[in-house]
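Participant: One structure, as structure tokens, below. Some questions next.
Please treat every number below as a calculation from the coordinates, not as lab data. As the structure is a computational prediction, the values presented were derived from the model and not from experiment. Quick reminder, even Gly has a Cβ in these numbers, built from the backbone with ideal geometry, and neighbours come from all protein chains shown.
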Amino acid sequence: MNVRKINPEEIPLIHFSHEDVLRNREEKEERDHKLHKAVTLSNVEHEDVGIVLQLDTGEVIETYSILVDYADNFLVLKGGYFIPVWAIVDVEA
């Protein structure tokens, strides 16, 4: 899979799909578990976490940042950048 790397500052400039990129319940539960674990680790260790995202065009991108919070349907990165959970393909903590 060809993954383009971006800086977190670019997030406000990109467009995410309005549908979840993961299709089955097990994948969504695993993503939820990874996100909770990654936010906790990122807050304690102050280390960047890799987030793999899919855009509305189908392109897959990756960014690295400290995760601040995960609540409702959004992940908050350092700097106040919001990512919709339904656009997250994988979390690399």
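Participant: Quick one: if you take sqrt(5λ) for each eigenvalue of the C-alpha gyration tensor of the stretch 3-92, what semi-axes come out, biggest first, whole angstrom?
Facilitator: 18, 16, 11
Participant: Anyone know which of ASP56, ASP72, ASP48 comes out most mobile in the 10 Å Cα GNM of the chain?
Facilitator: ASP72
Participant: What 222 nm value per residue comes from the helices of the chain, counting each DSSP H run with n ≥ 4 as -39,500 (n - 2.57) and dividing by all residues, nearest 500 deg cm²/dmol?
Facilitator: Using -39500 (n - 2.57) per qualifying helix, the result is -8000 deg cm²/dmol.
Participant: Near TRP86, within a Cβ-to-Cβ distance under 15 Å, what is the net charge of the other residues, with Lys and Arg +1 and Asp and Glu -1?
Facilitator: The answer is -4.
Participant: Would you mind ranking ARG25, ARG31 by Cβ crowding within 10 Å, fewest neighbours first?
Facilitator: By the 10 Å Cβ count, ascending: ARG25, ARG31.
Participant: Among all the lysines, which ones have a C-alpha under 17 Å from LYS28's C-alpha, if same-chain residues fewer than 8 places away are not counted?
Facilitator: Of all the lysines, those that pass the test against LYS28 - Cα under 17 Å, at least 8 places apart if same chain - are LYS37.
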